[in-house]
Amino acid sequence: MASEEAYRREFQVKGGDFANAGAAACAIKELLKEFGLSPRTVRRAAVAAYEAEMNVIMYARKARIGLAVTPREVRLVVDDRGPGIADVELAMTEGYSTATAEMRELGFGAGMGLPNIKKNSDRFEIVSEPGRGTRLDILIRTNGHVTS
Amino acid sequence: MTLDELVSRLDLKVFTPGLPLDRPVRGGYASDLLSDVVGHARPDDLWLTMQVHPNIVAVAALKELAAVVLVNGRGPAPETLELAVREKVLLLGAGIGAFELAGRLYGLGLKGS
């Protein structure tokens, strides 16, 4: 990738689809590895994508995950149709979760999903409209080393 | 320390057939909360857990963990095993609990983060 033109790809995630949970994040990880991004960048983007994907599976009806990659940055935009988040600040608090008892039994609902995204990104914005959906805009800067 | 050394020294069960066990292990993390593992485990760690459902495979693959060790004699759900083989994620088993296993691993020189 010599130019600044972004490589773009879109992934669809269905709410409640636990059988395929993590599939989009794994595909994104493999793509970023193929681009020759540093292992750290790949891991950060994969964690952010995974947590965003799991939130859709647990809470939303469906979502589009847009991936855009340039030599400088990886950007993930997750646009869901779902209940939205009433209090974004509270949802960002580590340990806070609205997961059901069934989800918690499976090990979800640690209240670390959004904090993990924040920790693994360089810019993270959430816009949520209760009753309609949530949009996450996640940016991860690369160290500029892209080999292909 | 490699996985096959740990398997023989701690008498661990190997659930995933055909995956190489010569992989080095750096340390370990014990938790049953997936996002806790996503947030805190490091690549090449062993992950000690009670969870046996397929979502553990995605977490292990994403975090590039050395292996998942199911504790207390638990075995993977059939769909977990199938997915693990496909994704080349090693699943091991221990007859003892997480606390006991972590202690023995620590005794062999493995550390947490």
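The values are calculated or read from the model by the stated rules, or taken from the named source; none is laboratory data. Note that the coordinates shown come from a computational prediction; the quantities given were computed from them, not determined experimentally. A quick note on method: Cβ atoms are made from the backbone with ideal geometry, for glycine too, and the neighbour counts reach across all protein chains shown. Note: areas computed on protein heavy atoms with side chains; ligands, DNA, RNA excluded. Shrake-Rupley method; radii C 1.70, N 1.55, O 1.52, S 1.80 Å.
For segment B:67-94, name all the residues that are out of contact with any Ser or Thr (no Cβ under 6 Å at 6 or more places or on another chain), touching a residue at least 60 places away in the same chain (Cβ under 8 Å) and not β-branched (Val, Ile, Thr).
Restricting attention to segment B:67-94, the residues satisfying the condition of being out of contact with any Ser or Thr (no Cβ under 6 Å at 6 or more places or on another chain) are B:67-83, B:86-89, B:92-94.
If we keep only those that are touching a residue at least 60 places away in the same chain (Cβ under 8 Å) as well, we get B:67, B:75-76, B:81, B:88-89, B:92-94.
Listed by number, the residues that qualify are B:67, B:75, B:76, B:81, B:88, B:92, B:93, B:94.
Does residue A:77 qualify as being closer than 20 Å to residue A:31 by Cα, of a type in the set (A, V, I, L, M) and more than 13 Å from the chain's Cα centre (by Cα)? Before the answer, list the steps.
Working: closer than 20 Å to residue A:31 by Cα: yes; of a type in the set (A, V, I, L, M): yes; more than 13 Å from the chain's Cα centre (by Cα): no.
No: the conditions fail for residue A:77.
What number goes with the only condition from (1) within 26 Å of residue A:39 (Cα to Cα); (2) modelled with pLDDT of 95 or more; (3) in contact with a strand residue (DSSP E or B) (Cβ under 7 Å, 6 or more places away or on another chain) that residue A:134 does not pass?
The number of the failed condition is (1).
Evaluate segment B:17-40: report whether one residue or more is of a type in the set (Phe, Trp, Tyr) and closer than 16 Å to residue A:106 by Cα. Explain how you work it out, then say what you get.
Restricting attention to segment B:17-40, the residues satisfying the condition of being of a type in the set (Phe, Trp, Tyr) are B:29.
Those left that are additionally closer than 16 Å to residue A:106 by Cα: none.
No.
Got a sec? Which of A:110, A:68, A:52 is more than 14 Å from chain B (Cβ to nearest Cβ) and either assigned to a loop (DSSP other than H, G, I, E, B) or of a type in the set (Gly, Ala, Ser) (or both)?
Only one candidate qualifies: A:68.
What's the number of the only condition in (1) part of a loop (DSSP other than H, G, I, E, B); (2) touching an Asp or Glu at 6+ places or on another chain (Cβ under 8 Å) that residue A:135 fails to meet?
(1)
Count, please, the residues in segment A:105-126 that happen to be out of contact with any Ser or Thr (no Cβ under 7 Å at 6 or more places or on another chain) and either modelled with pLDDT of 95 or more or open to solvent by less than 20 Å² (accessible area, probe 1.4 Å) (or both).
Residues of segment A:105-126 that are out of contact with any Ser or Thr (no Cβ under 7 Å at 6 or more places or on another chain), as a first pass: A:105-108, A:114-115, A:117-125.
Okay, now just the ones that are also either modelled with pLDDT of 95 or more or open to solvent by less than 20 Å² (accessible area, probe 1.4 Å) (or both), so A:107-108, A:114-115, A:117-125.
Of the residues in that region, 13 qualify.
State which residue pairs qualify: first residue facing another protein chain (nearest Cβ under 10 Å) and inside segment A:19-39, second residue at pLDDT below 95 and surrounded by fewer than 14 Cβ atoms within 10 Å (Cβ to Cβ) in any location, beta carbons under 7 Å apart, and separation of 6 or more residues or different chains.
Sorted first by the residue in segment A:19-39, then by its partner, the list stays empty.
Filter segment A:55-65 down to the residues that are outside any helix (DSSP H, G or I) and open to solvent by less than 20 Å² (accessible area, probe 1.4 Å), then identify the one that is farthest from residue A:123 (Cα to Cα).
We begin by selecting, within segment A:55-65, every residue outside any helix (DSSP H, G or I); these are A:60-65.
Checking which are open to solvent by less than 20 Å² (accessible area, probe 1.4 Å) leaves us with A:60, A:63, A:65.
Numbers: A:60: 23, A:63: 20, A:65: 17 Å.
So the residue we want is A:60.
So that you can scan it fast, the table gives a plain yes or no per residue for (1) in contact with a helix residue (DSSP H, G or I) (Cβ under 8 Å, 6 or more places away or on another chain); (2) among the acidic types (Asp, Glu); (3) away from chain A (no Cβ under 11 Å):
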position: B:42; (1), (2), (3): no, no, no
position: B:50; (1), (2), (3): yes, no, no
position: B:62; (1), (2), (3): yes, no, no
position: B:76; (1), (2), (3): yes, no, yes
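Would you pick out the residues in segment A:1-46 that are outside any helix (DSSP H, G or I), of a type in the set (A, V, I, L, M) and open to solvent by 20 Å² or more (accessible area, probe 1.4 Å)?
A:1, A:2, A:6 - these are the residues of segment A:1-46 that are outside any helix (DSSP H, G or I), of a type in the set (A, V, I, L, M) and open to solvent by 20 Å² or more (accessible area, probe 1.4 Å).
Of all the residues that make up segment A:78-92, how many are part of a strand (DSSP E or B) and closer than 21 Å to residue A:121 by Cα? Show your work before the answer.
To start, the set of residues in segment A:78-92 that are part of a strand (DSSP E or B) comprises A:78-81.
Narrowing further to those that are closer than 21 Å to residue A:121 by Cα: A:78-80.
Residues in segment A:78-92 being part of a strand (DSSP E or B) and closer than 21 Å to residue A:121 by Cα: 3 in total.
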